[in-house]
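See structure below.
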Amino acid sequence: MHPILLSPILTLLLLLFFFYSVDAATPFSSKDTQAKEIQPKETPSVCSQTFACGPLQGLSFPFTGGARPAHCGPPEFHISCVDDSPELTIMSLRYRVLELDPVHKSLRLVRSDLWNSTCTDKLANATIKSEFFAYNENDNAVVSIFYGCNSSTITPKPENWFPCNVNLSFKDSYYLIWTIPIDQIMSGVKCKIETTVPILKTAAAKLFANRSLFQEAIMEGFNVNYTHPYDDECAKCLEVNGGCGFDSHSSKPVCFCGDRVCVMSGENIAIGILSGVTSAIVFIVCMVYASKKEVLFFKKYKKNEIDIQEVITNNRWMAPKRYSYSDVKKMTHWFKDQIGKGGYGTVYRGKLPDGLLVAVKVLSESKGNGEDFINEVASIGRTSHVNIVTLCGFCYERDKRALIYEFMPNGSLDNFIRKQGSEMENSRLEWKKLSEIAVGIARGLEYLHRGCNTRIVHFDIKPQNILLDKDFCPKVADFGLAKLCKTKESIVSMLGTRGTVGYIAPEVFSWNFGGVSHKCDVYSYGMLVLEMVGARKNLDSAVSHTSEMFPHYVYKDLELDKDENAFGATTEEEKQIARKMVLISLWCIQINPSDRPSMSKVVEMLEGPLHSLQIAPKPLLVSPTIAAEDSMTTSQPSEIEDSMTTSKPLRVSLRHIGI
């Protein structure tokens, strides 16, 4: 049985949660000691008193002010008595309280700055939306007030005009209510400030009939409903003849009986005990769950640690060096020079102690459970080829993971095959260099499929994963999705889909097309080469002159022998290079995996003469329409690879493809 392993921080957090839960579950009236410590100098008995200010009489909980000090109610309900006029602050605006109805919990308010004056320097809307106060839409209407209007030339002035100078260059002001047409009164008038003020609907009706009653309508105020979340607690407090109070430090109500906190009833004690027991059970469940999670993490870490050691042991002559996380920070100068970022993590430029420049890929903490990391170390640790990126080292310390590669000064191939009009257009590679890169990638994949003791299927061949050194020699990189299998095995067992949309072979997401094998990399390679030739992104389904997908468009041009554009090639040599790359890529993206060539055959085709290559069967899946004439005679699978380099033309029927 595994021991319960909890980190000190996790243990502390769980203990804090436990004590908080017990404290929160305790009814307010039981906190005798706490209340006395909070208010040692106050007299609790005053909370049972009421106070008066101006027209308001008998004010009690939740309101405070006058004879009721601050600890007798929530701070939002504090009423100040200014010149015998009660005032309440809501959302930073002060309001004069004209009426208060504790039975229906309603207030009649008017903005203090608009009392006896329609001009104010507080140009803010008076719409009330707060936790404790709600604007009553049934009783109120809204007046829009416009200040600083440029209407000095308008004569005579409209009835809704009034003068007001509020630090503005124009003194004309207007108000609008209900359905007054703005285009008739305000046509051609521009105002600097607009604000809204609520008034009673009855006052709005009077104002509509007599436009001179604007100030009177404002001073009649508007209705607001109030509420507080302590009604039930206060009702229980009143049942024991207590006075409702409030602790501003914990934002919780308290109940005072005379000069002390009320002793709660047996029922409340039972509720408190039950709440405490419930909180304790929740705490224990959380402890058990957290401990299991910690044990699982520890087991997973130990398993990955064993896998790492196995990689080092099995490849002792080729295994990359293991570095500590402090070493990683030093070689990257504390992650100073960032050169790339993606969903996997961030890449930094660094330098090893021997002066070798490296690219350090620091994986995100949320990136998987370590399987991709082990895959990459295990896969590249078995390789040594000029067209495979060199893994110089790695770091694995619990959740800190990093891969250290040789530095590629020219970045990824993606930077050199952008669309026209992009920032990298002037950095496009020559056709001869593109051909050399295609051959290098093919040789790298051939090595992965046949040159190792263990066959490696990459599963994520795309421009971003092809790195270029200073001489533009391509290096296959990023083996996070790679799968290892014995050389004699032709089919790979796999759960879930791997790869990038636009480069994934059909059989990866549907077994109807055949088993998953190294031919998946062949398909991805074909799509990559098509993109290199066409210099357009694989995911673009729309082309300026046709709605057809790019592979179908390429096939159509080749079938009709349309050579005049040749994908931007100008010389005869460039046209031959482009045509060869397209012919080979179309063979690589055949739907049926058995119809695709091996990477060894691809290298042979790339290095062979153009006249020996034939046009491949049309890649049906990427064609939006399939004509009836596409269905011709059938051929045996053994004929497929031979037909790539013979003069015998070949057509494949729908039945042969398996569609």
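Derivation of every value follows stated rules applied to the coordinates shown; laboratory data play no part. Here the structure is a predicted model, which is why all the values come from computation and not from measurement. We place every Cβ from the backbone using ideal geometry, glycine too, and count neighbours over all the protein chains shown.
Students often check this: by mean Cβ neighbours within 10 Å, which of 103-113, 128-138, 511-521 ranks highest, and how do the rest follow?
Numbers: 103-113: 17.0, 128-138: 13.6, 511-521: 20.3.
Ranking, from highest mean packing down: 511-521, 103-113, 128-138.
Arrange the following residues from fewest to most other Cβ atoms within 10 Å of their Cβ: R398, R322, R596.
Working: R398 13, R322 17, R596 29.
Going from sparsest to densest Cβ surroundings: R398, R322, R596.
Output the peptides 147-158, 191-202 sorted from most to least packed, where packing is the average of other Cβ atoms within 10 Å over each peptide's residues.
On the way: 147-158: 14.2, 191-202: 17.3.
For the peptides 147-158, 191-202, the packing ranking is 191-202, 147-158.
Cut-off is 10 Å between beta-carbons; in what order do F283, F373 appear when sorted fewest neighbours first? Please list the in-between numbers first.
Numbers: F283 17, F373 23.
With the sparsest Cβ surroundings first, the list reads F283, F373.
In the stretch 137-166, which residues have a backbone nitrogen under 12 Å from the label point lying 7 Å from K190's Cα in the Cα-to-Cβ direction?
149-151
Within a Cβ distance under 9 Å of L98, other residues only, what is the Lys/Arg minus Asp/Glu net charge? Walk me through the numbers before you get to the answer.
Details: positive: R96, R108; negative: E99, E220.
The answer is 0.
Around D247, which amide H atoms from residues at least 5 apart in sequence, or from another chain, sit under 5 Å from its own amide H, with H modelled in the peptide plane?
Distant-sequence amide H within range of D247: K252, V254.
On a full-extension model of 0.36 nm per residue, what is the gain between D121 and T278, subtracting their alpha-carbon distance, rounded to one decimal in nm? Don't skip to the end; give the middle numbers.
Details: separation 157, 0.36 × 157 = 56.52 nm, distance 5.47 nm.
My answer for the length gained is 51.0 nm.
Decide, for the stretch 53-105, between rounded, prolate and oblate: order the square roots of the alpha carbon gyration tensor eigenvalues as a ≥ b ≥ c, take rounded if a/c falls under 1.5, and otherwise choose prolate if a/b is larger than b/c, else oblate. Display every interim value, and only then the final one.
Details: a/c = 1.18, a/b = 1.05, b/c = 1.12.
Cα axes put the stretch 53-105 in the rounded bin.
Treat the count of other C-beta atoms within 10 Å as a stand-in for reagent exposure and order T64, T454 from fewest to most. If you can, show how the numbers build up before the last one.
On the way: T64 24, T454 15.
Least crowded to most crowded, the residues run T454, T64.
Please find the FRET efficiency linking E131 to K321, where r is the Cβ-Cβ separation and R0 is fixed at 56 Å, and quote it to the nearest 0.05. Display every interim value, and only then the final one.
On the way: r = 60 Å, r/R0 = 1.07.
That gives a FRET efficiency of 0.40.
Please sort 234-247, 349-362 by packing, taking for each peptide the average over its residues of neighbouring beta carbons within 10 angstrom, highest first.
On the way: 234-247: 19.3, 349-362: 17.2.
Output ranking for 234-247, 349-362: 234-247, 349-362.
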